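A.B. asks: I have a structure here, written as C-alpha cells, and I will follow up with some questions on it.
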C-alpha cells in the first residue's frame, strides 16, 4: 500500500510531536528524575517510531526505537539521566528534526546525522535492548504500549475498560457530527484511549457507517449504551469489557494483551483522543477564503452608498462583520509556535559561550496572523542571540559587577489595540552610547559635529544600518555587521516598527510592534490632486490643518512647526510627481520612532480596506505596500509610511 498521500499529515504531526519533545527534554534536564516527564517523552518517541515505520522511513524508526530503549532504562532506574545521556537525547532530537525537513524536501530519510545518532546508541550508550513491540491484536484493535499502559493502570485503579462498537443508520448525513456527539457523550464520564478508524478519519468522514473505540470509565456498560442510543441516527451499540494481562482487576470478556509496562505514578487518566477540537487547514485555502471575504467587504462598502437599500444594507454589514471576524480568528495562531524553538537555542548558545543564561517567556498564548508568526522566527532568533552574545556578561564579569552569575533574558508578547507587541529584554551590559557615536564617525555615517547633535534615539537607529556593528571581532554567533538591518526590514515589511531602549550596565530592551493581521486594515482615505490614497490608521497620530506660516525650509527640506515640534513634511504631490493643487491638511504619522507629516489636499474619511498585493511586474514607486478597491470601484494605492520616512 502506498502511504505517500499521507505525507503532509505525517510531516505536520511529527513536527508537532518534535516541538513537544524539545520542550520536555529541556524540562527533563532540569528535573532528571521526573518519571512523568520520562513517560511523556517515551510516548512521543513511540508515536514517531510508529508513524515513520508505517511511512517506510526506517532510519527514523530505528533511531526512535533506540531512544525508547534508553528511556525505558531511565524509567527503570537502570541508568541515570546525566549530562551525557541528556546530550545524547538532544542530539537525537536534532537528528530527527533535520531528517524530517529532509523528508519534506526530498522524500528520503537517508541523512548522515541520523546515521550518526544511531551509531552513538550502538556504541555503548544504552545498557539494555528492550526489544521490539510484542503487542497482540484484540480482534480489530492494535494497541501500542502507551495505550496498554494507560488501560492497565486504569483497571488497577478501579475503572472499567470497554470496547464499544457503534453503527450509524443507513442514509446518515454529517457522519462526523454523529461521531463527535458519541465522543463528547462518552468523554463526559470517561476517557477514550483508542479509536478505529482514527480521530482524523472520523473528522474527515473517511469511514463507512461504523466505528469502534476503547474507553475507560466508572460508568456501567448499560449506562453508556443508554447515553449513546439517545443520540439521533444511532443504529447499533455493542459494548464488551476489556482486560489487560497483569492487571489486578480481571473482567470476564475480551482480553487485550501486550508487553507489560512498569508501574508509574499517575494522578488521573489522560485520554489520548480528542475529536472536533482542532482541524488542519491548508494556508492557501485560508487565503482564498480571505480573498472572498475581502470581495464581500468591498461590495458591502459599495452597497452602503446606495441609501435606498436601507435595512438590507445594515443586515449585510452585520453578517459581513461577523464572517470577517471569524475568518480573522481562523487565521490567528499562538505565537508560542515561534517561541517554542528558543529555550533550546538559548541552552545551546549559553553552553557554547560559557555563560549562564535563563530565558523567561511570557504571553506565548498571544495570537496573531499566521503570516506574521511565520515571518518573525528568524528576526527574533537574531535578537535573542545578540542579547546572549553582546548583552549578557560572563559569570565572572557579572559577579564583579555585583550581579547574579546567571543572566536573564525575557521574551514577552502582549496585545494592545490592533497591534501585538513583542519585547526582548536582558539584564546585561546594555549599549555603550558613546561607543556607537564613535563608530558612526569612524565609518563616515555622520560627521563629528552631526554625531554630537544626535540624540540617544538617533544613535540607536544607527545600529539598524547595514554593516554597522560595535563588536571588536566577528564571531559565529553575531558581530559580523549583518542582521540588525535585516531584522528592521523584515519588521517594516510586516507594517510594523522596532525601537531600542538601553541603560549601560543595566541591560537592553527591544520593542517590536506588529499588526494583528495583514489582510484587512482600518485606513484614512486622503485626496491628492484628485487621486485617492490610503494611509494605515495604526500609523496615524493626529491630523492638523495646515497654516502656511507654520511651514519652513531647512536644508532644502520642508518642515512643519506644530505645538513646539519640528516635523519633516512630505508633500505627496511632489513625492509622486503630481500637480500641487494646494495642501490643506497634514497627517502626522509615527514610524520607527520618527514623526513625519504627510501633506494632502483633502480628507475623505476612515474606511476598512482590503489589502491587495501589487504584481511585481508593475513598476510602481516603492512607497506603496499594496492597493485596495474602494466602494465606488476605483483603485486606491496604500502608502508605505516606513519607506516614505526613509526617502
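The values are calculated or read from the model by the stated rules, or taken from the named source; none is laboratory data. Remember, predicted model here, so these are calculated numbers, not experimental data. Cβ sites come from the backbone with ideal geometry, for glycine too, and all protein chains shown count toward neighbours.
A.B. asks: Within the range 337-360, how many residues are out of contact with any helix residue (DSSP H, G or I) (no Cβ under 9 Å at 6 or more places or on another chain) and either without any contact (Cβ under 8 Å) to a residue 24 or more places away in the chain or buried (at least 16 other Cβ atoms within 10 Å of the Cβ) (or both)?
C.D. replies: 1
A.B. asks: Residue check: is residue 625 modelled with pLDDT under 75 and crowded, with 18+ Cβ neighbours inside 10 Å?
C.D. replies: yes
A.B. asks: Criterion first (touching a residue at least 40 places away in the same chain (Cβ under 8 Å), buried (at least 17 other Cβ atoms within 10 Å of the Cβ) and under 26 Å from residue 13 (Cα atoms)) does residue 199 satisfy it?
C.D. replies: Considered against the rule, which asks whether it is touching a residue at least 40 places away in the same chain (Cβ under 8 Å), buried (at least 17 other Cβ atoms within 10 Å of the Cβ) and under 26 Å from residue 13 (Cα atoms), residue 199 comes out as yes.
A.B. asks: Now, a different point. Of the conditions (1) touching a helix residue (DSSP H, G or I) at 6+ places or on another chain (Cβ under 9 Å); (2) over 19 Å from residue 164 (Cα atoms); (3) surrounded by 12 or more Cβ atoms within 10 Å (Cβ to Cβ); (4) at pLDDT below 75, residue 248 clears all except one; give me its number.
C.D. replies: For residue 248, the failing item is (3).
A.B. asks: I'm trying to understand the selection: among the residues of the range 48-78, which are surrounded by fewer than 20 Cβ atoms within 10 Å (Cβ to Cβ) and either under 29 Å from residue 360 (Cβ atoms) or under 28 Å from the mean Cα position of the chain (by Cα) (or both)?
C.D. replies: Residues satisfying the conditions are 50, 61.
A.B. asks: Hey, another quick one. Under 17 Å from the mean Cα position of the chain (by Cα), part of a helix (DSSP H, G or I) and over 23 Å from residue 486 (Cβ atoms) - does that describe any residue in the range 368-383?
C.D. replies: no
A.B. asks: Moving to a separate point now. Which residues, taken from the range 424-443, are farther than 26 Å from residue 381 by Cα and either modelled with pLDDT of 90 or more or in a strand (DSSP E or B) (or both)?
C.D. replies: none
A.B. asks: Right, another one. Sort through 28, 21, 11 and tell me the only one that's closer than 17 Å to residue 52 by Cα, modelled with pLDDT of 90 or more and touching a helix residue (DSSP H, G or I) at 6+ places or on another chain (Cβ under 9 Å).
C.D. replies: Checking each option against the conditions leaves just 21.
A.B. asks: Does residue 459 meet the test of being modelled with pLDDT under 90, surrounded by 14 or more Cβ atoms within 10 Å (Cβ to Cβ) and in a helix (DSSP H, G or I)?
C.D. replies: Taking the combined requirement at face value, the residue satisfies it.
A.B. asks: Based on this model, can you work out whether residue 210 counts as closer than 30 Å to residue 6 by Cβ, surrounded by fewer than 16 Cβ atoms within 10 Å (Cβ to Cβ) and modelled with pLDDT of 90 or more?
C.D. replies: The answer is yes for residue 210.
A.B. asks: Please list, ordered by first then second residue, the pairs with beta carbon atoms under 6 Å, 6 or more apart or interchain, first in the range 30-47 and on the phi < 0 side of the Ramachandran plot and assigned to a loop (DSSP other than H, G, I, E, B), second at pLDDT below 90 and surrounded by fewer than 21 Cβ atoms within 10 Å (Cβ to Cβ).
C.D. replies: From the range 30-47, the pairs are 32/81.
A.B. asks: Just a yes or no: is a residue in the range 390-412 under 18 Å from the mean Cα position of the chain (by Cα), at pLDDT below 90 and farther than 30 Å from residue 451 by Cα?
C.D. replies: no
A.B. asks: Considering each residue of the range 506-526, count those that are in contact with a strand residue (DSSP E or B) (Cβ under 8 Å, 6 or more places away or on another chain), modelled with pLDDT of 90 or more and surrounded by fewer than 21 Cβ atoms within 10 Å (Cβ to Cβ), and give that number.
C.D. replies: 3
A.B. asks: May I pose another question? Assuming residue 569 fulfils every condition listed in (1) farther than 22 Å from residue 450 by Cα; (2) touching a residue at least 24 places away in the same chain (Cβ under 8 Å) apart from one, which condition is it?
C.D. replies: (1)
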